[in-house]
1. Can residue 110 be described as farther than 19 Å from residue 46 by Cβ, at pLDDT below 65 and among the hydrophobic types (A, V, I, L, M, F, W, C)?
2. Consider residue 65 against the criteria (1) in a strand (DSSP E or B); (2) of a type outside the set (Gly, Ala, Ser); (3) modelled with pLDDT under 85; (4) in contact with a helix residue (DSSP H, G or I) (Cβ under 8 Å, 6 or more places away or on another chain): it satisfies all of them except one. Which criterion is unmet?
3. If you scan the range 67-82, which residues turn out to be more than 11 Å from the chain's Cα centre (by Cα) and closer than 17 Å to residue 37 by Cβ?
4. What number of residues within the range 36-59 are surrounded by fewer than 16 Cβ atoms within 10 Å (Cβ to Cβ) and in contact with a Gly (Cβ under 9 Å, 6 or more places away or on another chain)?
5. What are the residues in the range 20-61 that are part of a helix (DSSP H, G or I) and over 28 Å from residue 72 (Cα atoms), if any?
6. Residue 90: hydrophobic (A, V, I, L, M, F, W, C), modelled with pLDDT of 70 or more and within 18 Å of residue 133 (Cβ to Cβ), yes or no?
7. Among the listed residues 104, 100, which satisfies the condition of being modelled with pLDDT under 65 and part of a loop (DSSP other than H, G, I, E, B)?
8. Quick check: is even one residue across the range 47-64 of a type outside the set (A, V, I, L, M, F, W, C), within 18 Å of residue 139 (Cβ to Cβ) and in contact (Cβ under 8 Å) with a residue 40 or more places away in the chain?
Amino acid sequence: MSGFKFDATDLLRRIAQNGEVNNKMKSAAGVYCDSSGKKMEGYAKNNVPWKDHTTHARTTIKGGFKWENENKCAAYVAGNMDYSPYLELAHAKGKSEDDEVGMEVGPSFAQLELANEGKYAILRPTVRKLTPEFVSGMANLLGK
């Protein structure tokens with residue numbers, strides 16, 4: 001299974017205080033990051049720029065979250081077909097407009113230029129579109 005990870009760790013920057021996050025706030029942040037990942041999944045599935053042939057590329061898009069370390073949570077959206085990296089990166093229509101949306105691919109796709117924005121890209125554009133909303137929501141969650 002190949003995948004992409006779009007790291008939205010800036011969401012938790014506001015809750016760190018002296019390098020520590022209290023458990024209640026950490027729990028709330030985890031729930032919010034998971035919700036953000038699921039929302040990215042829904043948006044990506046509903047806005048793919050390709051015409052489905054089998055629906056596999058669309059239906060296997062998954063979003064969620066993971067803790068990267070004690071204080072850093074990442075919301076992500078991933079394509080899970082063997083050919084997902086080609087949809088995102090091949091037949092590039094240009095370079096990505098930002099360096100803030102991270103991407104990972106398996107070693108077998110190392111020849112693809114990660115800065116490319118492929119003709120059928122949906123994952124990076126989804127993160128780019130929804131991150132401002134998530135950052136604002138996290139700030140509201142934290143009362144800041």
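The values are calculated or read from the model by the stated rules, or taken from the named source; none is laboratory data. Since we're looking at a predicted model, the values are computed, not measured. In this analysis, Cβ positions are derived from the backbone assuming ideal geometry, glycine residues included, and neighbour counts consider all displayed protein chains.
1. Yes, satisfied.
2. Failing condition for residue 65: (3).
3. Answer for the range 67-82, where residues must be more than 11 Å from the chain's Cα centre (by Cα) and closer than 17 Å to residue 37 by Cβ: 67, 68, 72, 73, 80.
4. First, pick out the residues of the range 36-59 that are surrounded by fewer than 16 Cβ atoms within 10 Å (Cβ to Cβ): 42, 46-47, 49-56, 59.
After this cut, where a residue has to be in contact with a Gly (Cβ under 9 Å, 6 or more places away or on another chain) as well, the list is 42.
Number satisfying all stated conditions: 1.
5. 46, 56, 57, 58, 59
6. For residue 90, the condition - hydrophobic (A, V, I, L, M, F, W, C), modelled with pLDDT of 70 or more and within 18 Å of residue 133 (Cβ to Cβ) - is not met.
7. Checking each option against the conditions leaves just 100.
8. No: the range 47-64 contains no residue that is of a type outside the set (A, V, I, L, M, F, W, C), within 18 Å of residue 139 (Cβ to Cβ) and in contact (Cβ under 8 Å) with a residue 40 or more places away in the chain.
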